Amino acid sequence: MNILIIYAHPNHKSFNGAIFRQVKNHLNSKHQVRILDLYAEKFDPLLHFDEDHLRRDLYKDPEMEKYRQLISWADHLIWIFPIWWGGMPAILKGFIDRVFASGFAYSYKGMGMQGHLMGKTAWIISTHNTPGFVTAFLQDYGRVLKNQVLGMCGIKPCQLTSLAYLRGTSYEKRQKMLATIAQQAQKI
């Protein structure tokens with residue numbers, strides 16, 4: 001299976017960095033794995049369109065071709081990112097805006113959308129500092145990515161792992177979280 005890991009955190013020594021390493025190191029060696037580290041890549045999240053570069057033509061943007069090729073190549077996408085100020089990092093939101101464009105990831109069909117990325121699956125791993133009991137009342141951007149982006153583009157099934165209240169979590173509990181992530185990665 002072709003697996004693309006999309007990692008969006010600027011600090012590799014962070015807990016998100018540890019999650020990234022656990023996933024990468026515990027995937028079965030029979031898989032072909034590629035890494036897309038948006039911060040290391042210095043991905044430009046700014047969406048550009050004007051009278052000469054129309055929004056409906058974003059799927060043809062030559063700057064995004066290599067990313068479209070990576071998404072097309074992958075059978076399984078693994079997303080690793082934190083939730084900051086109630087949302088995903090701007091670099092990740094910009095990646096979605098620029099790469100998952102109409103004409104590539106989906107098209108409009110009547111009053112709905114037709115996903116173009118059917119046959120692919122995903123695993124979203126997000127972290128945040130909000131206590132778990134509070135997150136039930138907030139918009140979860142892992143769920144938004146799962147349902148309102150990937151699902152609408154045809155990527156199903158999509159597993160969501162949300163690791164809550166990291167700032168209040170002990171070292172021991174974090175180690176258990178990482179062990180669980182490793183076990184899940186081995187099952188892919």
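Readers should treat all values here as calculations from the given coordinates under stated rules, not as data from a laboratory. On a predicted model such as this, the values are computed, not experimentally measured, just so you know. Neighbour counts are summed over all protein chains in view; Cβ atoms, including those assigned to glycine, are modelled from backbone coordinates with ideal geometry.
Note on the chain: dipole from Cβ charges, positive end direction compared against ASN11, HIS76, VAL23; the farthest Cα belongs to VAL23. Among the listed pairs LYS66/LYS176; LYS66/LYS156; LYS156/LYS176; LYS66/LYS173, those whose Cα-Cα separation exceeds 31 Å are LYS66/LYS176; LYS66/LYS173. Across HIS12, HIS53, HIS26, mean-square fluctuation computed from a Gaussian network of the chain (C-alpha pairs under 10 Å connected) peaks at HIS53. Can you flag which of LYS30/LYS60; LYS24/LYS60; LYS60/LYS146 are past 28 Å Cα-Cα? With Cα atoms farther than 28 Å apart: LYS30/LYS60; LYS24/LYS60. For the chain, modelled as a Gaussian network with Cα springs under 10 Å, which listed residue fluctuates most, ASP52, ASP37, ASP61? Judging by the Gaussian network model, the answer is ASP52.
Note on the chain: helix-only mean residue ellipticity at 222 nm, from DSSP H runs of 4+ residues weighted -39500 (n - 2.57) and normalised by residue number, equals -8500 deg cm²/dmol. Applied to the stretch 25-32, the Karplus parametrisation 6.51 cos²θ - 1.76 cosθ + 1.60 on θ = phi - 60° returns per-residue 3J(HN,Hα) values of 7, 10, 6, 4, 5, 6, 7, 8 Hz, with x for Gly and Pro. Karplus couplings for the stretch 148-163 from phi (6.51 cos²θ - 1.76 cosθ + 1.60, θ = phi - 60°), rounded to Hz, Gly and Pro as x? Each residue's phi maps through the Karplus curve to give 9, 10, 4, x, 5, 8, x, 7, 8, x, 9, 8, 10, 10, 10, 9 Hz. Placing +1 on the Cβ of every Lys and Arg and -1 on the Cβ of every Asp and Glu, with no other charges, gives the chain a dipole of roughly 820 debye about its Cα centre. Along the stretch 96-107 the Karplus relation, 6.51 cos²θ - 1.76 cosθ + 1.60 evaluated at θ = phi - 60°, assigns HN-Hα couplings of 5, 4, 8, 9, 7, 8, 4, x, 9, 8, 7, 9 Hz to successive residues, with x for each Gly and Pro.
Using Cα springs under 10 Å in a Gaussian network model of the chain, which residue among ASN25, ASN16, ASN147 shows the largest mean-square fluctuation? Per the Cα network of the chain with a 10 Å cutoff, ASN25 tops the list.
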